[in-house]
Amino acid sequence: MLSVRQIEVRYEGIAAVRGISFDLAAGECLALIGPNGAGKSSTLRAISGLARVSSGAIMFSGSDISGLRAHQIARLGIAHVPEGRHIFGPMTVEDNLLLGRQRMGDLSPSQGLEMVYDILPKLQERRGQQAGSLSGGEQQMVVIGRAIIGQPKLLMLDEPSMGLAPQIVDTVFELLGKLRSAGQTILLVEQNAELAMDFAQRCVVLGVGEVQLTGTSAELRSRQDIIDAYLGTF
Amino acid sequence: MDAAQLLQFAISGLTVGAIYALVGLGFNLIFNATDVINFAQGEFVMLGGILASIAIGQWHWPMWLAILTTIAAVGLVGALVDFGAVSRVRRGSVMTIVMITLGVSVMIKTAALLWVGPNPLYFDPFTAGPPLRIFGAVVQLQALWVIGTGAVVMAGLGLFFSRSALGREMLACAIDREAAYLMGIDVRRMVRISFVLSAALGALAGVLITPLTNATYDQGFTLALKGFAASALGGFGRSGSAIVGGLALGLIEAASVVVMPSGWKDSVALLVLILVLVVKPSGLLGGRAERRHTQAL
Amino acid sequence: MKLAIEDIGVRFGGLWANRNVSFGVQEGSISALIGPNGAGKTTLFNVVSGFQAPTQGKVSLDGEVISGLRPEKVALRGIGRTFQLPEICHDLTLLENVMVGAYRHIRGGIFGQMLGLGPAAKTEREARESAESELERAGLAKQRNQSARALPLGQVRLLEIARALASQPSLLLLDESASGLNAREVENLAHLIRQLPARGVTVLLIEHNVRFVMQLAEQIAVLDHGQLLSVGTPAEIRNDESVITAYLGRRHH
Amino acid sequence: MQRSLVALLMLAWLILPGLLGSNSTLSLLVFAAINLVQVIGLSLLFGFAGQISLGQAGFYGIGAYVSSLLATRLGVPPALGIIAAALAPAFLAYLIGRPILRLRGYYLAMVTAGTGLILHTVFVEWGGLTGGYSGVAGIPPIAVGSFAFDTPRSMFYLTTGFAILILFLAHRMVKSSYGRAMRTTRESEAAARSVGIDVSRLKTEVFAVSAGLSGIAGALYAHYIGYISPETFTIDTSINLLLALVIGGVGSLWGGAIGAVLLTFLPEWLHQLQNAYGIVFGALVIVLLTIEPDGIVGIVKRLAETWRRRGNQKLDERTV
Amino acid sequence: EDSYKIGVSEPLSGAASSLGVPVVDSIKAAAEVINANGGVDGRKIQLVIRDDQSRPDIAVQNFRRLSEEGVYAMIGPNQGSNTLAVSAIVKQAKVPTCAFNNTIAITKQNNPYIFRCQTSDADNVKAALLFAHDKLKAKNIGVLYTSDAYGSDAYAALQKEAEAMGMPVVGAEKVNYGATDTTAEWTKLLATKPDVVILWGSGSTMSIALRNASQLGNTAPIIGAQGVAASAIIEGAGAAAEGIYMVTLTAPDQVTEGQKDLAKIYKEKNGDDYQLTIYDTIGWDALHLVAKAIENAGGDREKMLEGFEKISNYQLAAGTYTYTSDNHEGLGVDSVWIVQVKDGRMIGVQHGL
Ligand SMILES: Nc1ncnc2c1ncn2[C@@H]1O[C@H](COP(=O)(O)OP(=O)(O)OP(=O)(O)O)[C@@H](O)[C@H]1O
Ligand SMILES: Nc1ncnc2c1ncn2[C@@H]1O[C@H](COP(=O)(O)OP(=O)(O)OP(=O)(O)O)[C@@H](O)[C@H]1O
Ligand SMILES: CC(C)C[C@H](N)C(=O)O
Ligand SMILES: [Mg+2]
Ligand SMILES: [Mg+2]
């Protein structure tokens, strides 16, 4: 479904992503892990069109999307939960969610909302509140809800557990698990490597801008050298 | 000072206030999509007035045709401003774009000077006939047009932003451009639409007010400043704020003339504005402040 | 008692973000504040550091009431803090960012600093030295002259801590400093924090990384719906049923 | 190396008037220096402390009127008047600074614009003192002892010398701890306050400094031209000042300096265009800012960067 | 040198440009005619034109620059306050300057180099008040004036003169230059029930003032200043201008001897319907005065001052000019026309007092 081929992303001339490649099959769950500044977020941004790739190709459902603009990519069914939340602060929780299904999905607004509230009941309590005044974790729920309400073909999440209470992390991953079982294709960036390895079938470990290892979670667990070098064992 | 005169002041304040409000509404439209205050907004108003004066006064076109053509033409200018300047900005803060709109305003103003010269243009009020008299006070018919249209436009914009999907998408663009893109919103198109709409709205304002105020090439900036003040007083980004702010400003100006030499009129209004903002830093109705950084449009 | 929080309440419209919260932090300890999202942890930090005036109650530092003071005054009393969404200056280099932390120790006034007169020059030098060593401790020394713009999140968090430490606080408030870090980086952070009591810095931290908290904190306060649910040692908290249902969930006990 | 460069520049400065020959270019340089003093003030306020002001012309006016009226009405020597011209607007800015600098962005822009407009009205309406629209005439030149700065050449030395001094002091200021506090305040007030920076006080102080510099510029202007009237102190002036800063480069003192000089000379260079000047000027603002929000300084920086990189590349190639 | 350089600094943009533009046009027309007739002593006139943007500081820079280009004379600012601003430089550079202003103060500052090629408002005000008193039988007057030097200088004179004539000012309102609404001011003014309203100002605000007055149902006759007597303003006021009087220097329906050449040129260019106004005449006159002064000075730059002061009884478009060493006013009250708008055109009603 998604094939990232030798992409390069530059910031003011300096390459942050240097020839990263990986494939993601429909219905698969892939985790992208690696240390700070490895280029995980940049890779996701390249896929969703927020960052320009200076070379390489990104194939989605058979065509190269690396030249498209972000909104076009979004409309193809790629949802990106970005790092650092990016909620629409002055709008209500419900308006935030509704914007998520603006151009995608078959659910009616009320069905979509119902689905999200079902999974994240806390949001229903706060549906009328300005999203900007929510707590950090509550905001994280809003952006995840906003992504899944459009029933994307590919769901990309950039550190969805960040700032979430353990219980909510459980909830979120339970939800992601449900989506995974329902055949949702997921590309996950996660600092919590254990969580990621538990959740994903395959992992891609990034070093500084480059792929260090691609393999199943089990394979990765056996590579103590990679874990020591890039992930740590706190 | 008798009652009729006080009423007269109130009416004149409301008329002027409605003009400010119309300009302020144009500000809000672009602000709501981009966080930018477009200082060329006054120039759109000026162009509207000048084009309509030429079409009606010199070419003797039918009123409706002249008005529609004017609005369309100025809307096109709005699109050009977006295409030629605003959409080219790749980096920088919102302030960068604000400065660019200042440049645009100088350009349009100069072009108008070169084109029609410095003399005022004008055409007759929409409705001919003697002014209305209410309890001894005089109401110009054109003022009713200004106030009436202002109310309709405000109601329309209010519904647009609160109810329509397009309005919500526009707001989303202003709040967080990247996130808006991720929602599948074509931000650049939204920005362009907002420029076209607000230019058209500015043109409409220009057409409405020219029978009262005349149209001159250099009137834009003063109008922009008043519209800006109106939006600030009400609070940026709220549909009702430009109206409340504009009318308040107009009424304060009129009231100040009752008690002070009229040279202080603008200053009194501004002083009230400053005091209001010091007490309520986001305007009477509580508006938004802009983001600090902008990503590429 | 380093910090005493007494009956703090904060109301936003109809919502009590904090209510009847009271607990104390021992001098020289590392304590933690945990609780579900929206429990009111950041709000409480804001109250302590002066960014939020409490609706009721008071906060005292070393026995002196500090609630009601403005944030800059609180900082002058020796409370440093970081922010849940990092607030750094992208335009300054890392070194300059950290030197800003030492602002309260700079003397000489605006003109003295401008002209580099005696006390100003001396304190400036000291600020530079302490900033250098904080950068060193945070492992950022190599990038000291880089602008902070291109820094990945993890290092931004470290930078914020270094800045706060450069002001030589006696109490440091850390709001989710470990979030967004991978295991290796969390390890480094823990190491950094562990050294602080020995330097005379009392630490109060907010964290969702339960393992991290349990290993580091001597005392943990749990907030839920704005109210204090429980206070105790990690062992006590881990086995507190109410905390498990409200916060920890099944995976972590 | 650096020392000899400074010496060279000093020399150039000393002999420049002789080289130019024409008084009118010198005269423009005087205006450029006066504008520079003001733009530096705005640069500190807006570029470094992040607080916009659209009311600088009001302070410029206060400086001009205070020094002029002291000289014409009370016979106070202009050299002393200038001090008053710095203090009066600085004091006013200090008084109003605290309440209004709590405002942000456009609200602050509006309130400062309003302040400027109100001051303009005061200049017009307080006719008994200011002469209203008729202005103040017969303002004497600045004099020290029996030497009067009444020629373009002497004013050149006075104003450019002063501008260089201000530039130097401003440079020291932004490099100091205070300067770092300013920049932190601009980017994050929360961060600034969390380390004990009294942002309200800092903003007010910088506002006062910028108002004071505008006041000095106003006095220099008045004593040079010999006549002032309210038209000089309008919002157009404030906006031009801001545009000068932005064109040169916000956030860099050099940018402010370049912008001030450019905006003084540009109309002169392009006066053939007459009315079409506005089109060229507007286009310049648009083109410059779309390609580089940091203005001319930004462009220079970028060119230097590319140049440096290309140099490095060549070096790499050679080593290979 | 094969030509005489004459400096011109006028507002071609900004608030006063609606006056500056026709003035410069007429200066150019005069230069063409003079040069076509062989120039002055066989040498051509060369104009150096600069825009003062309606700003005093720019005017000062222009004058400085022009004086350094070795001009023989300068033709000066349109706004009274700008003339006051350049005065010191004119004096320092010793270049005679033709100034267009009515503003009383410009010849009262002990500056021998400034020549008014206009009437002083001292005279214009007198003419307006006499007309109100004698012809319109006013017992009292109201005044609406603009807040610039032009309006407020005249207002001060009006107050004094009117008082002296036993015709008190019952109401006076000031409007800002460029104001787009004057209803509030009119409401206040009309409440004092003046017999005649004097309207002293210039710019597009005057059109609006006229229209507002009629919208508020004003019936008192209006006497406008020279600044109102611009075709653009009369046109801009539409029907509201009907019947108003103005104090000016030309009656467009009556082409005087001195206006013949000019009228011919303008009618050829703009059609027979063209109405010559004061702004077409004064630029023409100014350049002719300068040419005459050069002639009188025998082409010697040093003698230009005497050249001007020798001009005597020189009949030009706006009137007959005489300068002496202690009279730099140029035109006297005998040049003043009272005109009235009838069917949108200005018709001469009275010439002189
Ligand atoms: N806007 C930017 N400008 C300059 N450099 C940037 C920018 N964004 C990212 N970088 C740099 O690119 C590199 C990769 O960053 P990226 O955010 O993709 O890493 P990451 O793996 O997601 O790290 P993290 O764990 O901190 O989220 C980093 O070195 C970062 O400093
Ligand atoms: N300014 C505000 N206006 C209204 N409600 C607010 C405001 N600030 C916080 N709240 C609410 O107060 C509650 C506590 O928020 P707080 O940020 O303190 O939570 P937290 O414990 O830090 O959560 P997290 O772990 O998610 O960061 C939340 O429900 C939040 O929505
Ligand atoms: C009507 C104008 C020619 C008068 C001129 N504006 C002056 O100030 O005197
Ligand atoms: Mg990342
Ligand atoms: Mg929090």
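Computed quantities for the displayed model
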| quantity | calculated |
| --- | --- |
| Any hit, the range A:224-232, residues being at pLDDT 80 or above, of a type outside the set (Phe, Trp, Tyr) and more than 16 Å from ligand 5 (Cβ to nearest atom) | no |
| Any hit, the range A:133-140, residues being within 16 Å of ligand 4 (Cβ to nearest atom), closer than 27 Å to C:Phe45 by Cα and facing chain C (nearest Cβ under 9 Å) | yes |
| Scan of the range E:80-101 for residues that are within 22 Å of E:Ile282 (Cα to Cα) and part of a loop (DSSP other than H, G, I, E, B), ordered by number | E:Val95, E:Pro96, E:Phe100, E:Asn101 |
| Among (1) assigned to a helix (DSSP H, G or I); (2) of a type outside the set (S, T, N, Q); (3) more than 21 Å from the chain's Cα centre (by Cα); (4) within 14 Å of chain A (Cβ to nearest Cβ) - the single one B:Ala174 does not satisfy | (3) |
| Criterion (crowded, with 18+ Cβ neighbours inside 10 Å and modelled with pLDDT of 85 or more) met by exactly one of D:Leu262, D:Leu266, D:Leu303 | D:Leu262 |
| Answer residue from the range C:49-83, given it is surrounded by fewer than 18 Cβ atoms within 10 Å (Cβ to Cβ) and touching a residue at least 60 places away in the same chain (Cβ under 8 Å) and is farthest from ligand 5 (Cβ to nearest atom) among those | C:Gly63 |
| Number of the exception - D:Tyr227 against (1) at pLDDT 90 or above; (2) under 22 Å from D:Gly81 (Cα atoms) | (1) |
| Matching entry among E:Val33, E:Val24 (being in a helix (DSSP H, G or I), of a type in the set (A, V, I, L, M, F, W, C) and within 14 Å of chain B (Cβ to nearest Cβ)) | E:Val24 |
| Residue check, D:Gly41 in a helix (DSSP H, G or I) and within 22 Å of D:Leu242 (Cα to Cα) | yes |
| Total residues in the range D:233-255, condition in a helix (DSSP H, G or I) and over 17 Å from D:Tyr60 (Cα atoms) | 6 |
| Residues of the range E:217-261 that turn out to be of a type in the set (Ser, Thr, Tyr) and under 25 Å from E:Asp272 (Cβ atoms), as a count | 4 |
| Meets criteria (open to solvent by 50 Å² or more (accessible area, probe 1.4 Å), touching a residue at least 24 places away in the same chain (Cβ under 8 Å), within 14 Å of chain A (Cβ to nearest Cβ) and more than 28 Å from C:Phe111 (Cα to Cα)) for C:Arg157 | no |
| Within the range E:65-79, tally of residues that are part of a helix (DSSP H, G or I) and at pLDDT 85 or above | 2 |
| Pairs where the first residue, in the range E:1-27, is without any contact (Cβ under 8 Å) to a residue 24 or more places away in the chain and more than 18 Å from E:Lys44 (Cβ to Cβ) and the second is assigned to a loop (DSSP other than H, G, I, E, B) and open to solvent by 10 Å² or more (accessible area, probe 1.4 Å), C-beta under 8 Å, 6+ apart | E:Val21/B:Gly117; E:Val21/B:Pro118; E:Val21/E:Leu12 |
| Residue in the range C:94-104 that is in contact with a Cys (Cβ under 9 Å, 6 or more places away or on another chain) and away from ligand 1 (no atom under 16 Å from the Cβ) present | yes |
| Within the range D:192-245, considering residues that are within 14 Å of chain C (Cβ to nearest Cβ) and of a type in the set (D, E, K, R), the one least open to solvent (accessible area, probe 1.4 Å) | D:Lys203 |
| In the range B:40-70, the residues that are open to solvent by 10 Å² or more (accessible area, probe 1.4 Å) and touching a residue at least 24 places away in the same chain (Cβ under 8 Å) | B:Leu47, B:Leu51, B:Ile54, B:Ile56, B:Gly57, B:Met63, B:Ile67 |
| Residue satisfying condition, being within 14 Å of chain A (Cβ to nearest Cβ) and either under 25 Å from C:Thr202 (Cα atoms) or within 22 Å of the chain's Cα centre (by Cα) (or both), within set C:Ala141, C:Ala148 | C:Ala148 |
| Qualifying residue in the range A:171-185 (condition: more than 24 Å from A:Ala46 (Cβ to Cβ), within 16 Å of ligand 2 (Cβ to nearest atom), without any contact (Cβ under 8 Å) to a residue 60 or more places away in the chain and facing chain C (nearest Cβ under 10 Å)) | yes |
| C:Phe45 being away from ligand 3 (no atom under 16 Å from the Cβ) and crowded, with 17+ Cβ neighbours inside 10 Å | yes |
| Index of the failed condition, C:Arg184 passing every other in (1) within 19 Å of C:Asn37 (Cβ to Cβ); (2) at the interface with chain A (Cβ under 10 Å from one of its Cβ atoms); (3) assigned to a helix (DSSP H, G or I) | (1) |
| Test: A:Ile186 is closer than 17 Å to A:Cys29 by Cβ, away from ligand 5 (no atom under 16 Å from the Cβ) and surrounded by 21 or more Cβ atoms within 10 Å (Cβ to Cβ) | yes |
| Number of positions in the range A:31-59 that are hydrophobic (A, V, I, L, M, F, W, C), open to solvent by 20 Å² or more (accessible area, probe 1.4 Å) and under 17 Å from B:Arg177 (Cα atoms) | 1 |
| Residue list for the range D:269-285, filter: closer than 20 Å to B:Val104 by Cα, open to solvent by 20 Å² or more (accessible area, probe 1.4 Å) and hydrophobic (A, V, I, L, M, F, W, C) | D:Leu270, D:Leu273, D:Ala276, D:Ile279, D:Val280, D:Ala283, D:Leu284 |
| Count of residues meeting criterion [farther than 26 Å from D:Ser252 by Cα and buried (at least 24 other Cβ atoms within 10 Å of the Cβ)] in the range D:50-70 | 6 |
| Any hit, the range A:112-120, residues being within 16 Å of ligand 5 (Cβ to nearest atom), surrounded by 18 or more Cβ atoms within 10 Å (Cβ to Cβ), within 12 Å of chain C (Cβ to nearest Cβ) and at pLDDT below 90 | no |
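Here is a yes/no grid of residues against (1) modelled with pLDDT under 95; (2) among the basic types (Lys, Arg); (3) within 27 Å of A:Lys40 (Cα to Cα); (4) open to solvent by 30 Å² or more (accessible area, probe 1.4 Å):
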{"position": "C:Gln168", "(1), (2), (3), (4)": "yes, no, no, yes"}
{"position": "C:Leu171", "(1), (2), (3), (4)": "no, no, no, no"}
{"position": "C:Leu181", "(1), (2), (3), (4)": "yes, no, yes, no"}
{"position": "C:Asn209", "(1), (2), (3), (4)": "yes, no, yes, yes"}
{"position": "C:Gln227", "(1), (2), (3), (4)": "yes, no, no, yes"}
{"position": "C:Val231", "(1), (2), (3), (4)": "yes, no, no, yes"}
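Residues checked against (1) among the acidic types (Asp, Glu); (2) within 16 Å of ligand 5 (Cβ to nearest atom); (3) under 21 Å from A:Ala196 (Cα atoms):
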position	(1), (2), (3)
C:Ala150	no, no, no
C:Gly154	no, no, yes
C:Leu173	no, yes, no
C:Leu196	no, no, no
C:Thr202	no, no, no
C:Asn209	no, yes, yes
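The values are calculated or read from the model by the stated rules, or taken from the named source; none is laboratory data. Keep in mind that this is a model prediction, so the values were computed, not measured. Note: ideal-geometry Cβ built from the backbone for every residue, glycine included; neighbour counts use all protein chains shown. Surface accessibility is based on the protein's heavy atoms, side chains included, excluding ligands, DNA and RNA. Shrake-Rupley method; radii C 1.70, N 1.55, O 1.52, S 1.80 Å.
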